[in-house]
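Asks: Take a look at the following structure, please.
The values are calculated or read from the model by the stated rules, or taken from the named source; none is laboratory data. It should be emphasised that the depicted structure is a prediction, and the values quoted were computed from it without experimental measurement. Here the Cβ positions follow ideal geometry from the backbone for every residue, glycine too, while neighbour counts run over all protein chains shown.
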Amino acid sequence: MDSSKEKEEEKPKCVRVHGPLIVGAGPSGLAVAACLSEHGIPFVILERSDCIASLWQHSTYDRLKLHLPKQFCELPLMGFPENFPKYPTKDQFISYMESYASHFTIQPRFNQTVQSAEFDPSSSFWTVRTQDFEYISRWLLIATGENAEPFIPKITGMEMFQGPIAHTSVYKSGSDYKNQRVLVIGCGNSGMEISLDLCRHSATPHMVARNTVHVLPREILGFSTFEIAMALSKWLPLRLVDKFLLLMTSYILGNTDQYGLRRPKTGPIELKNAIGKTPVLDVGALAQIKSGKIKVVEGVKEITRNGAKFMDGQEKEFDSIILATGYRSNVPTWLKSCDFFTEDGMPKTPFPNGWKGENGLYTVGFTRRGLLGTSFDALKIAGDIADEWPTIKESNSHIILLKVLIDPRNYEDFCKEEKET
Ligand SMILES: Cc1cc2nc3c(=O)[nH]c(=O)nc-3n(C[C@H](O)[C@H](O)[C@H](O)COP(=O)(O)OP(=O)(O)OC[C@H]3O[C@@H](n4cnc5c(N)ncnc54)[C@H](O)[C@@H]3O)c2cc1C
């Protein structure tokens, strides 16, 4: 075969998207898709995995339940089934999202990893490339999540350790660690819950608390702590809300500093709003810390062949290490020539204005406000696109025709999709 023909065949097929292109079929992608369908706007969703909500289906541990009460985790336009408990399990949440996708007839294109996306000012369209196709759309809706890639820190000596080192994204259950001495690095919600799970499976966890952390009870006097904070912050300055929460916390949980969990100087809600650091909502780990079953240790100085040396000079042996070190957004790795995002892959414009960029760029689920933030974004975006949809719909075909004239390999897809729409 001559090389020009070969090269031609290597070029990805071009797909014109009639309506917005959504990247990511997690809760955020599904939410914005549902809101668009309510306005009668067609869309295409690209998902790198083989299922919806892949973070929940593939990368979470068995004992996970929603951290917040269900009313704060509903996606727009369709609530949870009434028989769900206050804190739905991971499986219940997944089944809810499956019903949600089927109710709104959302059918993502699976196994499509977006490798690059770039705005072309000459045509006013976004060109989005996956391993198989080139998609062209007027709108790019980024729903790839704040937790797209596990964050693996570089710790001196890590490569020396003889046992397994796993990130929480692959941790399923403590049954895999029965009777083991496990070093859990990180003391956020995942680090605390996994340490608790390890205890329940007769493992001995040591949890590293290098940074300060706010541990709050999940409920205060039968009301969710989050719900109380939300209600109070409507009437009171955040500082006073935090004062109240910390007063109640010290009454219910005692002084957590004495167990090695030092509190930040800034209050929990103020801190969450300022830098997105989520407080830990205790579901039982603190009782295990108090009883000595979970040992809290200071920062790791270095990992050794058989364990770790700590900042306070102690050295201990471990069978396994679990990295509860969180996740990162992956947007900067594939979004080209666009300065809407920080180096960490979060919108530069803070909440509540980070959902909309320029040239038809939108972001869903990057507010550091969990699923509540997702709903807010999804409704706003769909409303915004709906406002311009009637005019754009008219002009769309002409611009695409121009694209076909410039690059005739687009013609086949263009005709096929024109017939479908
Ligand atoms: C353990 C854990 C517990 C949590 N509990 C709660 C809770 O109780 N309440 C709450 O409100 N929030 C909770 N969260 C936060 C949680 O991340 C969000 O609520 C929710 O999953 C965010 O949805 P999302 O769609 O924005 O992101 P994700 O769920 O991460 O979905 C993003 C999707 O984009 C896909 N994707 C990524 N990159 C690409 C690419 N380049 N090309 C194509 N597809 C791509 C991913 O495969 C994924 O399916 C929790 C998070 C974790 C990790």
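Asks: Pairs needed: first member in the stretch 39-55, at positive phi; second member anywhere, outside any loop (DSSP other than H, G, I, E, B) and surrounded by 19 or more Cβ atoms within 10 Å (Cβ to Cβ); C-beta distance under 6 Å; at least 6 residues apart or different chains.
Replies: Final answer for the pair search is Ala53/Met97.
Asks: List the helices (runs of 4 or more DSSP H) inside the stretch 196-293, counting only whole elements, that have at least 2 residues being closer than 30 Å to Gln180 by Cα and aliphatic (A, V, I, L, M).
Replies: 285-290
Asks: Among the residues that make up the stretch 115-123, is at least one of them assigned to a loop (DSSP other than H, G, I, E, B), within 14 Å of the ligand (Cβ to nearest atom) and at pLDDT 95 or above?
Replies: yes
Asks: Separate question: Quick check: is even one residue across the stretch 153-171 of a type in the set (Gly, Ala, Ser), closer than 22 Å to Lys277 by Cβ, at pLDDT 95 or above and assigned by TED's automatic domain parsing to the domain that holds Arg305?
Replies: Yes - at least one qualifying residue is present in the stretch 153-171.
Asks: Considering only residues that are crowded, with 17+ Cβ neighbours inside 10 Å, of a type in the set (Ser, Thr, Tyr) and either free of Cβ contacts under 8 Å to residues at least 40 places away in the same chain or away from the ligand (no atom under 16 Å from the Cβ) (or both), which ones fall in the stretch 291-335?
Replies: Selection gives Thr304, Ser320.
Asks: Same structure again: The conditions are (1) touching a residue at least 12 places away in the same chain (Cβ under 8 Å); (2) more than 22 Å from Gly19 (Cα to Cα); (3) out of contact with any Asp or Glu (no Cβ under 8 Å at 6 or more places or on another chain), and Thr374 fails exactly one of them. Which is it?
Replies: Status for Thr374: all satisfied but (2).
Asks: Additional query: Please count how many residues of the stretch 326-366 are aromatic (Phe, Trp, Tyr) and assigned to a loop (DSSP other than H, G, I, E, B).
Replies: 4
Asks: Next question. Does Asp197 satisfy the criteria of being among the charged types (D, E, K, R), modelled with pLDDT of 95 or more, within 16 Å of the ligand (Cβ to nearest atom) and not assigned by TED's automatic domain parsing to the domain that holds Gly373?
Replies: Criteria met by Asp197.
Asks: Determine whether the stretch 192-204 contains at least one residue that is acidic (Asp, Glu), within 26 Å of Ser291 (Cβ to Cβ) and in contact (Cβ under 8 Å) with a residue 12 or more places away in the chain.
Replies: Scanning the stretch 192-204 turns up at least one residue that is acidic (Asp, Glu), within 26 Å of Ser291 (Cβ to Cβ) and in contact (Cβ under 8 Å) with a residue 12 or more places away in the chain.
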